[in-house]
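Student: What follows is a structure written as C-alpha cells; I'll ask about it next.
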C-alpha cells in the first residue's frame, strides 16, 4: 500500500468530492445524466452532490464510499456493490441506450462484486496510489462475501486498463460503446474480472 495512504467511510461533507470523482470515473457520463435531472438554475454538480448526500438506499450513498486520504486530504475514492443473482430484469427500452452495454455486462457478472467507480483527483495521479485503491476494492469485495470482483472500463482509457492488468484483472466480455451527448470516447466497454 502507498505509504501514508489511509481509507475511511464517506461522510456527508464528502458529497461534492464524491460526485466529482464519480463523474471522472464515468468519463462525464454521470454529469450528463445529472444534467438531465437538473431543475432551472441547477448545475449537474448540485444534482450529483444531492444524490450522493441524500439517497440512503442507493449504492452510491456517501457512507458506502471508501475515501482515500493522504496527509489528511482526500485524494480519491471508490464504491461498488453486489450484483444480484438472479439479476433483476430491466426493460432496456425504458432507459437511455448509453446504459445498455453496461447493464448487459452486469447481467453477465451476476453474483459478483462490481467496482462501480474508482478515481483519483488529477493532481494525485501518477503517484502510485492506484494499486492501493484497487487493493481496497478487492478487500471490500471479500468483506461482502464475494470470490470475484469485476469492473467496467472504456477501451480508450489505456492508463486505467494497464493498472487493472497489473492488479490481476483480465478481460471477460466486451460491448460496443454507445455515446451520450458530450461523449468523445468510442470503441468498447470492457468487463474485467479478478478472482479473489
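Any read-out appearing in this document is the output of simple, stated calculations on the displayed coordinates, not a laboratory observation. The model shown is predicted, which means the values in this text are computed figures rather than measured ones. Cβ atoms come from the backbone with ideal geometry, glycine included; neighbour counts cover every protein chain shown.
Student: Identify all residues within region 137-187 that are in a strand (DSSP E or B), farther than 16 Å from residue 117 by Cβ and touching a residue at least 40 places away in the same chain (Cβ under 8 Å); write none if there are none.
Tutor: Result: 148, 172, 173, 175, 176.
Student: Given the conditions (1) touching a helix residue (DSSP H, G or I) at 6+ places or on another chain (Cβ under 6 Å); (2) over 29 Å from residue 5 (Cβ atoms), which single one is not true for residue 99?
Tutor: Looking at each condition in turn, residue 99 falls short on (1).
Student: Only residues that are more than 16 Å from residue 131 (Cα to Cα), out of contact with any strand residue (DSSP E or B) (no Cβ under 9 Å at 6 or more places or on another chain) and surrounded by fewer than 16 Cβ atoms within 10 Å (Cβ to Cβ): list them for region 158-185, please.
Tutor: Answer for region 158-185, where residues must be more than 16 Å from residue 131 (Cα to Cα), out of contact with any strand residue (DSSP E or B) (no Cβ under 9 Å at 6 or more places or on another chain) and surrounded by fewer than 16 Cβ atoms within 10 Å (Cβ to Cβ): 179, 181, 182, 183, 184.
Student: For residues that are surrounded by fewer than 16 Cβ atoms within 10 Å (Cβ to Cβ) and in contact with a strand residue (DSSP E or B) (Cβ under 7 Å, 6 or more places away or on another chain), tally how many sit in region 82-103.
Tutor: Count: 1.
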